[in-house]
Amino acid sequence: MKEYYDHNLIEKTAQTYWESNRIYKVEEYAKNADGNLKPKFFACSMLPYPSGKLHMGHVRNYTINDMMTRYMRMKGFNVLMPMGWDAFGMPAENAAIKSKISPSEWTRNNISYMKKQMLAMGLAIDWSREICACDPAYYKWNQWLFLKMLEHGIVYRDTQIVNWDPVDKTVLANEQVINGCGWRSGAIVEKREIPGYYLRITNYSEELLEDLNSKLKEWPDQVRLMQEKWIGKSEGLDFYFEHQILDANGNLFQNGKLHVFTTRPDTLMGVTFCAISYEHPLAKLVAENNTEIKEFLDHCKTGGTKESELATKERLGIDTGLVVTHPITKENITIWICNYVLMNYGNGSIMGVPAHDERDFHFAKKYGIDIKQVIAKKGKIFDKTQWNDWYKDTDNAYLINSGKYDGLDCVSAKNEIFSYISENKIGKNKTMWRLRDWSVSRQRYWGTPIPMVNCSTCGAVPLPEENLPVLLPENLIPDGSGNPLKKDEVFIKCKCPKCGNEAQRETDTMDTFVDSSWYFMRYTSPDNKNSVIDNRFNYWMPMDQYIGGIEHAVLHLLYARFWCKAMRDMGLLQLDEPIKKLLCQGMVLNHTYSRRNNLGGLEYFNSNDIETYQNENSDIKEYKLIKDGSYVEYNGISTMSKSKNNGVDPQVIIDKFGADTARLFIIFASPPEQTLEWSESGIEGAYRYLKKLWKICYTNRDSLLNQNKNNKEDIFCQLNDNQKFLRFNLYSNLIKANYDYKRVQYNTVVSTSMKILNDIESFISREKLNKNENYSMVLKESIGVLLRILYPIIPHITWNLWRELGYNLTMGDIIEAEWPEVDQNAVLSENTKIIVQVNGKLRGSFLVSSDASEEDIKEMAMKHESVLKFSDNIKRIIVVPGKLVNIVV
């Protein structure tokens with residue numbers, strides 16, 4: 001055993017042993033030493049995008065998973081921790097444009113580097129189950145599932161509105177639209193309607209919503225609420241306003257009815273305008289003969305399509321000059337076209353009630369539309385000049401300015417107005433959903449090819465299963481001018497499977513959420529070339545623990561739930577929900593620096609590339625790039641990410657301090673669900689702890705190696721007070737560690753481990769003159785418990801110490817060692833902990849028998865190491881039975 005802690009040697013030795021012995025290879029139906037089947041535990045982290053390097057945010061996610069894996073294995077479970085790569089997607093294409101290499105080369109180089117980083121972290125991954133989304137062996141099953149869903153009517157073809165860059169001639173994701181312009185070209189983005197493929201996730205709206213609370217009780221409340229809002233079930237009234245608007249043929253447009261949906265029928269008497277989406281058929285009709293309206297519609301087509309963007313952008317509108325008739329008052333209501341009305345929700349039209357809807361209020365103020373109060377609350381004064389949140393409240397509210405409905409509370413008014421609408425056959429109750437069918441077509445290159453052929457005679461034709469996989473050519477290099485698949489005649493040209501004539505292969509590729517919606521299922525059957533999953537799926541699924549960031553709370557997790565239900569309905573599995581328990585780990589934060597480029601996009605810089613200049617008062621003055629002295633802006637702290645270039649490469653930490661140090665810091669710095677700010681000083685503190693652990697073990701190695709006896713009660717009853725006290729603290733802390741492991745509060749496991757090491761250090765110091773067999777036995781017992789508590793966190797150093805100190809000779813390798821059990825005899829109530837104070841200041845503690853006399857307690861206090869130096873100046877000794885001794889000097 002080396003005298004000093006050498007993290008490089010220790011970690012290399014451990015990892016070489018683990019890899020050569022395939023320690024983490026997992027098989028189904030594993031048995032314990034008694035021949036009984038072990039319970040299974042499937043713990044999975046969200047697979048990473050191979051963006052180039054891991055950062056400490058990744059390390060946190062995977063270390064949490066790794067801790068759980070190792071702990072559950074010691075608790076007797078058959079544990080699976082796999083890993084894969086979310087390898088398709090837009091960043092690879094962007095990188096390819098910039099570096100002029102294929103997305104395939106860029107992606108696979110990154111995977112190679114990131115895998116080395118994971119290996120260096122010592123993660124307990126079963127690499128035999130590794131999957132990669134850009135491997136044909138994996139995406140073949142994307143295509144197969146697509147065809148099966150097409151057969152079952154879950155996949156269908158429809159038109160979709162996309163962001164179109166007219167210069168680069170490509171579709172842009174919402175994130176690539178910056179201030180209404182293409183991120184690369186700077187051109188004003190247009191909206192285009194093109195055909196694409198959709199999945200009928202809306203068929204599962206009700207089940208997805210109901211199962212959130214009935215079957216996902218171990219998911220965070222925040223995630224369930226976010227999904228509930230995204231699904232967006234609304235119970236309301238669907239009715240129409242009559243009108244006399246004629247179409248181009250002189251007939252009443254849409255039978256003279258403008259349909260709207262509202263969840264607030266009680267505000268119907270406050271309608272002062274109606275608003276339609278710029279995509280509404282009526283808007284298009286009016287624009288045919290009105291240049292001003294046509295220009296307005298063209299303006300609305302620019303910018304992003306994200307709902308969040310629409311919610312924050314300036315609310316614009318134009319009066320069509322048309323009117324509809326109020327269904328109760330029969331008054332004329334003007335029709336406006338508004339940029340904040342969504343065509344894909346409700347009917348693409350709304351009733352405007354500016355007095356009681358905040359968006360409508362600001363819109364009405366902007367364009368001078370009447371604001372009519374119809375809901376009032378006692379003690380509240382309505383002010384048309386400014387919005388107040390109580391305007392939309394229904395609690396303790398009543399109707400005014402509403403004719404025969406005046407004085408009714410909101411619930412009664414809803415019922416009365418609904419009765420009128422229903423009796424007059426103007427409308428009916430309706431359930432609306434915010435959730436929309438999932439568009440899986442992406443007009444991009446680097447993704448799973450959609451297994452369809454476009455034939456001029458037969459239309460869109462699915463490929464036969466035996467023709468799968470449709471291989472994506474990996475040698476293409478995007479140049480930013482559209483999808484390179486459209487220019488690759490080898491890929492495009494094919495025969496129609498139906499008629500045999502010349503046809504063209506579909507050049508759209510699948511949304512990368514398809515790759516990640518079921519990948520964890522493939523971990524159970526990764527080597528099956530004939531089936532998407534097999535019987536091993538039934539052993540491992542559902543997943544027992546899933547770990548990932550809160551940013552994936554909605555789309556990824558919602559799509560994964562839907563995908564499972566769709567596969568169930570196709571008879572491929574018998575499972576309603578794929579994930580039992582979810583942990584959303586907090587993000588790791590770091591400083592962020594950026595500046596605008598010539599096209600208006602943000603360019604980010606790593607803190608290692610920045611110089612900070614300070615004035616005389618040490619106030620930060622400015623930030624410059626080291627390489628050229630140009631200015632950048634400081635943006636505060638934000639989540640570590642590749643996109644913001646503020647990640648900390650764990651390899652730098654591993655090289656300097658070791659993987660165990662990185663793991664210990666990232667676990668100790670914050671509870672798993674909370675964010676943490678990156679800290680170099682925290683890393684150094686973790687390193688000091690590991691050196692201290694090594695030093696204590698090294699300096700006491702002879703006592704530990706010479707002690708080979710198992711714990712025996714007849715010997716433990718002969719222990720002195722210091723030895724009993726150490727065991728009392730040891731097992732009291734083990735109880736706490738057990739509790740914290742169970743509730744996944746891993747940061748407090750670290751602090752508990754630190755207390756145990758401090759207790760051991762104090763014990764060694766107090767027992768300088770009593771280093772007998774009992775001393776060695778208690779010390780070996782205590783360090784053995786501590787190493788097992790620490791092993792899931794810092795596996796390299798604990799594995800090495802376990803072997804160096806001979807624990808493996810009696811208990812086997814620490815990887816297979818059983819979790820320590822609490823010795824109840826050590827924490828029985830007959831042992832009482834007495835606090836030692838000197839002049840009221842805490843100096844230490846000791847254990848005494850519960851029936852010890854006051855004189856016995858005084859005598860033990862006088863012998864305590866913290867009191868000895870005051871022995872010549874003691875004036876009084878005060879004993880509080882069962883609690884403390886205060887020495888007055």
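What follows is calculated from the coordinates using simple rules that are stated; it is not laboratory data. Note that the structure is a prediction, hence the values are computed from the model and not measured. Don't worry about glycine lacking a Cβ; one is built from the backbone with ideal geometry, like all the others, and counts go over all protein chains shown.
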What does the convex hull of the alpha-carbon atoms of the stretch 591-659 project to on average, in nm²? 6.2
DSSP loop GluC sites (Glu not before Pro) in the stretch 15-66 with at most 13 other Cβ atoms within 10 Å of their Cβ, which ones? Glu27
Determine, for Arg536, Arg73, Arg264, the number of other Cβ atoms within 10 Å of each Cβ, and report the residues in order from fewest to most. Arg536, Arg264, Arg73
Report, in whole Å, the centroid distance computed from the Cα atoms of the stretch 573-597 and the stretch 401-473. 28
Using a 7 Å offset from the Cα along the Cα-to-Cβ direction at both Tyr113 and Lys384, what is the distance between the two label points in nm, to one decimal? 6.3
Projected onto the charge dipole of the chain (unit charges on the beta-carbon of Lys, Arg, Asp and Glu, signs +1, +1, -1, -1), the Cα from Ala92, Gly368, Thr448 with the largest positive-side position is that of Ala92
State, as an integer percentage, the relative contact order of the stretch 591-659 based on alpha-carbon contacts under 8 Å between residues 6 or more apart. 33
In sequence order, calculated HN-Hα J values of the stretch 94-107 (Karplus, 6.51, -1.76, 1.60; Hz; x Gly/Pro): 4, 5, 5, 4, 6, 9, 6, 10, 5, x, 4, 5, 4, 5
How big is the dipole moment of the stretch 700-826 about its Cα centre under a simple scheme where the beta carbon of each Lys and Arg is +1, that of each Asp and Glu is -1, and everything else is neutral? Debye, nearest 20, please. 280
How long are the semi-axes of the equivalent ellipsoid of the stretch 233-432, defined as square roots of 5 times the Cα gyration tensor eigenvalues? Whole Å, largest first. 28, 21, 15
Rounded to 0.05, the calculated FRET efficiency for the beta carbons of Ile610 and Ser762 at R₀ = 51 Å is 0.70
Near Val888, within a Cβ-to-Cβ distance under 12 Å, what is the net charge of the other residues, with Lys and Arg +1 and Asp and Glu -1? +3
On a 0 to 90° scale, report how tilted helix 659-668 is relative to the longest principal axis of the chain, with both axes built from alpha carbons and the result rounded to the nearest 10. 70
Pairs over 32 Å Cα to Cα, from Lys148/Lys644; Lys31/Lys692; Lys498/Lys529; Lys430/Lys498; Lys691/Lys768; Lys384/Lys425, come to Lys148/Lys644; Lys31/Lys692; Lys430/Lys498; Lys384/Lys425
Would you mind ranking Thr385, Thr272, Thr69 so that the residue whose beta carbon has the fewest other beta carbons within 10 Å leads the list? Thr385, Thr272, Thr69
Given the Cα-Cα distance of Thr675 and Asp569 and 0.36 nm per residue of separation, how much length would full extension add, in nm? 34.3 nm
Local charge sum around Asn78 (other residues, Cβ-Cβ under 10 Å, Lys/Arg +1, Asp/Glu -1)? +2
Amide H neighbours of Phe42 under 5 Å, counting only residues 5+ apart in sequence or on other chains, H built in-plane at 1.01 Å? Leu80, Asp544, Gln545
Cα-Cα P(r), the stretch 176-253, percent of pairs per 5 Å interval: 3, 10, 10, 9, 8, 12, 16, 16, 10, 4, 2, 0
Given C-alpha coordinates of the chain, what is the ratio Rg to Rh with the Kirkwood estimate of Rh? 1.05
Find, among the chymotrypsin sites (Phe, Trp or Tyr not before Pro) in the stretch 48-110, those assigned to loop by DSSP (not H, G, I, E, B) with at most 11 other beta-carbon atoms within 10 angstrom. none
Using only the alpha carbons of the stretch 102-171, what is the convex hull's orientation-averaged projected area in square nanometres? 8.3
Glu684 neighbourhood, Cβ < 12 Å, K/R = +1, D/E = -1, net charge +2
So for the chain, taking the charge dipole from beta-carbon charges (+1 Lys/Arg, -1 Asp/Glu), which of Trp164, Cys181, Met541 sits furthest toward the positive end? Met541
Candidate cut points under trypsin sites (Lys or Arg not before Pro) in the stretch 358-435, DSSP loop plus at most 14 other Cβ atoms within 10 Å of their own Cβ, are Lys378, Lys380, Lys384, Lys425
Check Arg444: other-chain or 5+ apart residues with amide H under 5 Å from its amide H, H built from backbone geometry? Thr509
Amide H proximity to Ile375 below 5 Å, modelled H, separation 5+ or other chain, gives Ile400
From phi via Karplus (6.51, -1.76, 1.60), per-residue ³J(HN,Hα) for the stretch 237-246 in Hz, x at Gly/Pro: 10, 9, 8, 9, 9, 6, 8, 10, 7, 9
Give the residue from Ser214, Leu730, Phe41 lying farthest towards the positive end of the charge dipole for the chain; charges sit on Cβ (+1 for Lys and Arg, -1 for Asp and Glu) and the dipole is referred to the Cα centre. Leu730
So how tilted is helix 291-300 from the main axis of the chain? Cα-based, degrees 0 to 90, rounded to 10. 10
So which of Lys75/Lys580; Lys580/Lys755; Lys841/Lys869; Lys724/Lys771; Lys627/Lys656 end up more than 23 Å apart by C-alpha? Lys580/Lys755; Lys627/Lys656
Can you give the charge dipole size of the chain about its Cα centre, rounded to the nearest 20 debye, using +1 on the beta carbon of Lys and Arg and -1 on the beta carbon of Asp and Glu? 900
